[in-house]
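The next block holds one structure in the form of structure tokens; read it before the comments.
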Amino acid sequence: MQEIKVRNTTIRLVQGDITDIEADAIVNAANNTLQHGGGVALAIVKKGGRIIQEESNRIGFVETGKAALTTAGRLHAKYIVHAVGPVMGEGDEDRKLRSAVISSLELAEEKNLKSIAFPAISTGTYRFPKERCAKVMLRAITDYIEKIKPDTSIRLVLLVLFDEPAYRIFERELKAIRKQLRYFATRGFPL
Ligand code: ADP
């Protein structure tokens, strides 16, 4: 397990199945129409129950780079945050992925949640490279805590990586961020 602390929030990497995680919110790597037919989405609906798909159907459509909330059925979470990441090749992918992460954090914030667990959004069916995903997601999360919402209610952000290679990739990126944070902590942040 690897983690860093940014202000009052811990960012922690975990290897495993996100449907086993206990967090106030679990993020789903969803598609625009919230049809949960494969990957993380299917695992969430299978374990959480049909209510998640039913509530998603009522929401209908979510733009790429945005997120929407449903309840979590039988999962150990209060909410599922359905975040829509980009499909590799559609253009402007980094910005869309960053926006999907920040929208998810904002929704958790609105509900005053303390913890949220993310999968590696877009890196399955949507073919976004894992290294790039680790950079964009971890940067979005640290920026959110440091600059966008320094008084955030969120105390724990988990990144749940399904397999060991994905975990290693995120671990490398987290170490790089930790180094940068140490550098700025000793020399002061640039204005
Ligand atoms: P997308 O369509 O956004 O690419 P996928 O669900 O296909 O979403 O995959 C996103 C990532 O989630 C992939 O890296 C995949 O290995 C991983 N993944 C699949 N199932 C789970 C699970 N149960 N828990 C955590 N991660 C998962």
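Note on the stretch 3-186: with charges restricted to the Cβ of Lys and Arg (+1) and Asp and Glu (-1), its dipole about the Cα centre is near 420 debye. Here the stretch 1-86 exposes an accessible surface that is 47 percent carbon and sulfur, computed with a 1.4 Å probe and the other protein chains kept in place.
Its residues counted as N, the stretch 1-67 yields a C-alpha radius of gyration over 2.2 N^0.38 Å of 1.30.
Length gained on full extension, ASP143 to MET88, computed as 0.36 nm times the residue gap minus the Cα-Cα distance: 17.5 nm. Expressed in Å, the radius of gyration and Dmax of the Cα atoms of the chain are 15.6, 52.
Here the simple spin-label model places points 7 Å from the Cα toward Cβ, and for LYS78 and GLU22 these points are separated by 1.6 nm.
Need the full-extension length gain, ILE59 to ASN8, defined as separation in residues times 0.36 nm minus the C-alpha distance. One decimal, nm. Walk me through the intermediate numbers first.
Details: separation 51, 0.36 × 51 = 18.36 nm, distance 3.31 nm.
Difference between extended and current length: 15.0 nm.
Since only GLN2, PHE128, GLN53 are under comparison, the one whose Cα sits farthest along the positive direction of the charge dipole of the stretch 1-156, derived from C-beta charges on Lys, Arg, Asp and Glu, is GLN2.
Remark: the stretch 15-161 carries 42 Å² of accessible area per residue (probe radius 1.4 Å; ligands, DNA and RNA excluded). With R₀ fixed at 22 Å, the C-beta to C-beta distance from THR125 to LYS46 puts the FRET efficiency at about 0.85.
The distance between label points at THR186 and LEU156 comes to 3.1 nm (points 7 Å beyond Cα on the Cα→Cβ vector).
Go ahead and estimate [θ] at 222 nm for the chain from helices alone: -39,500 (n - 2.57) per DSSP H run with n ≥ 4, summed, over the residue count, rounded to 500.
Working: 5 runs with 76 residues, N = 191.
Using -39500 (n - 2.57) per qualifying helix, the result is -13000 deg cm²/dmol.
When the charge dipole of the chain is built from unit charges on Cβ atoms (+1 for Lys and Arg, -1 for Asp and Glu) and taken about the Cα centre, the candidate among LEU161, ASN32, VAL62 whose Cα reaches farthest toward its positive end is LEU161.
The values are calculated or read from the model by the stated rules, or taken from the named source; none is laboratory data. Quick caveat: nothing in here was measured; it's all calculated off a predicted structure. Glycine gets a Cβ as well: all are built from the backbone with ideal geometry, and neighbour counts include every protein chain shown. Heads up: the accessible areas ignore ligands, DNA and RNA and are worked out on the full protein's heavy atoms, side chains in. Shrake-Rupley method; radii C 1.70, N 1.55, O 1.52, S 1.80 Å.
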